[in-house]
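Contents: one structure, followed by commentary.
A short reminder: the numbers here are calculations on the coordinates, not readings from a lab. Not measured: the values here are computed from a predicted model. Note that we place each Cβ from the backbone using ideal geometry, even for glycine, and neighbour counts take in every protein chain shown.
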Amino acid sequence: MSTQNIIIAAIIIIIGFLLLRTISKLFIKVLFIILLLVALAYILLFYRGGLLDIGNKEFILYELQEKYCNGDDADKAKCDCIITPLLKEFDKKYSSEEIQELSKNKAKSIKEILETANANKAEIKACLKEDKSESFWKDFIKDVKKVDFKNRIKQVFQYRDSTAKKK
């Protein structure tokens, strides 16, 4: 082998090494970004039900029943005057399969609960008045709306927009 061939081989090896090092750095960066995106997607969608609460398929009214009817005596009026009549109304209006299907869409569930509650508002308020718990109606409506993730996001943006307009 001549000296010229050795120099050319050394140059090729050095260029190959530099090229391989650059490609491996790029590959590691791309791999890191992909792993970060996968971890972020997992956290957002699946960890503890995810932000969209995909893992929780229980009907919202059942969650509120658990909260009010199995809680302390202070929530007894909410259970007797609000939750129980609404559950009876939903049992008349929907089959268990329809309720199960409705529970998959939280926004639609909340809309149906609020519509049914507003349709029975007079009876509910009369019952709450007997128990001297008229303020529970507003508390219940707030609790139902808290469950809705999209509503909370809208409130954040509305607050941000309203403060930006004031400046």
- Highest mean first, what order results for 7-17, 105-115 on Cβ atoms within 10 Å? 105-115, 7-17
- Item | Fewest-first sequence of Cys81, Cys127, Cys69 by Cβ atoms within 10 Å of each Cβ | Cys69, Cys127, Cys81
- Task: Take Lys78, Lys129 and order them by how many other Cβ atoms sit within 10 Å, fewest up front.
- Result: Lys129, Lys78
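Provide the FRET efficiency to the nearest 0.05 for the Leu45-Ile7 pair, computing r from the beta carbons and using R0 = 41 Å. Intermediate results must be reported in sequence, preceding the final value.
On the way: r = 57 Å, r/R0 = 1.38.
Using R0 = 41 Å, I get an efficiency of 0.15.
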- Task: State, to one decimal in nm, how far the label point of Ala122 lies from the label point of Leu37, with both points 7 Å from Cα in the Cβ direction.
- Result: 5.8 nm
- Item | Sequence of Tyr94, Tyr68, Tyr42 once ranked by neighbouring C-beta atoms within 10 Å, starting from the fewest | Tyr42, Tyr94, Tyr68
- Item | Note, ³J(HN,Hα) from phi for the range 128-134, Karplus 6.51, -1.76, 1.60, rounded to Hz, x at Gly and Pro | 5, 5, 4, 8, 6, 10, 4
